[in-house]
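The values are calculated or read from the model by the stated rules, or taken from the named source; none is laboratory data. The shown structure was predicted, so the numbers you read here are calculated from the model rather than taken from an experiment. Here the Cβ positions follow ideal geometry from the backbone for every residue, glycine too, while neighbour counts run over all protein chains shown. Calculation scope for accessible area: heavy atoms of the full protein, side chains included, ligands and nucleic acids excluded. Shrake-Rupley method; radii C 1.70, N 1.55, O 1.52, S 1.80 Å.
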There are 2 protein chains.
Amino acid sequence: MPADLRVRFLHPTGAIGPGKIALLEAIDRTGSISAAARSLDMTFRRAWFLVETMNTAFREPVIRTSIGGREGGGAGLTALGQEVVARYRQTQDEARKAAEPHLRWLDEVLKEDAAGSKPPAG
Amino acid sequence: MPADLRVRFLHPTGAIGPGKIALLEAIDRTGSISAAARSLDMTFRRAWFLVETMNTAFREPVIRTSIGGREGGGAGLTALGQEVVARYRQTQDEARKAAEPHLRWLDEVLKEDAAGSKPPAG
């Protein structure tokens, strides 16, 4: 597996990194917080906590939940939530592109895996 | 405090992010693992673990330790270690530059702090 890169937005209201973005994308894909949590192998409690955290951090909600309560109703991203995901993905892509020569250099100077073993060439 | 961004290199041998880079820079600055740990408010045990982890992950050491043992001797970065720091910093700077419009947008759509309070204008 070649070297890769992840970005994380930092802000006094909290960080937004790969984990929260994956949850937003899963909610968008599944239409439900519980299904999103399952698809990420995350507890519903944890997913709900992250949803509340994000909706509180932004001036307007990024996730909308519909009538039916925590487990009965559906969920999805607001237009703001969609834009957060899109801007994160764009930043990630641009950062990866800028980092490309450094990532290929890391592939050369790092061992192949944690054990440090590399299969013999040829 | 405005929105900012951090990058993290991912690789099967382990991630290299702001924490490990800060430790490398502190070792370079202080010339000792114990002084570096103190300057980062990190336990010596933790710093030594990270040094061992990094020296094992790379094909050649990134940190050199001199005679005198774990606490008696000095430490510094090898040429490889210097290059890891330089390439991380360059990637971070380029990523931040690419992210600039998105970071300014986040400043607009996120509340000012975790409590969500914003001092009245004027």
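How many Cβ atoms of partner chains, on average, are near each residue of A:16-29 if near means within 10 Å of its Cβ?
Values: counts 4, 3, 2, 0, 0, 0, 0, 0, 0, 0, 0, 0, 0, 0.
Averaged over the peptide's residues, the number is 1.
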Can you return the lysines within cross-link range of B:Lys111? Criterion is Cα-Cα under 18 Å, with same-chain partners fewer than 8 residues away left out.
A:Lys20
For the B-to-A rotation axis, chain B residue with nearest beta carbon and its distance in angstrom:
B:Ala95, 2
Given a 1.4 Å probe, how much area per residue of the range A:9-108 is accessible, in Å²?
50
For A:Arg45 paired with B:Trp105, estimate the spin-label separation in nm (one decimal), with each label point 7 Å from Cα along the Cα-to-Cβ line.
3.6
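I need the per residue convex hull volume for the protein assembly as shown, using only the alpha carbons, in cubic angstrom as a whole number. Spell out each step's value before the answer.
Details: hull volume 42.0 nm³, N = 244.
It is 172 Å³ per residue.
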Nearest-first distances (nm) between copies at A:Ala79, label 7 Å from Cα via Cβ
5.7
Treating the point 7 Å from Cα along Cα-beta-carbon as the label, what are the nm separations from B:Pro101 to the other copies, to one decimal?
2.5
Assume the label is 7 Å from Cα along Cα to beta carbon: what separations in nm does A:Asp113 have to the matching positions in the other copies?
4.8
Before rounding to the nearest 500, sum -39500 (n - 2.57) across all DSSP H runs of length at least 4 in chain B and divide by the residue total; then give [θ] at 222 nm in deg cm²/dmol.
-18000 deg cm²/dmol
For the range A:88-115 versus the range B:35-49, the gap between their alpha-carbon centres in whole angstrom:
27
Net charge (Lys, Arg +1; Asp, Glu -1) of residues whose beta-carbon lies under 13 Å from that of A:Ala3, A:Ala3 excluded, is 0
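What's the average, rounded to a whole number, of partner chain beta-carbon atoms within 10 Å of each residue's beta-carbon in A:47-60?
On the way: counts 0, 0, 0, 0, 0, 0, 1, 1, 0, 4, 7, 5, 7, 1.
Counting other chains' Cβ atoms within 10 Å and averaging over A:47-60 gives 2.
Rg over Rh of chain B, using C-alpha atoms and the Kirkwood radius, what does it come to? Could you put the intermediate results ahead of the total?
Numbers: Rg = 18.3 Å, Rh = 16.5 Å.
Taking Rh as the inverse mean 1/r over Cα pairs, Rg/Rh reads 1.11.
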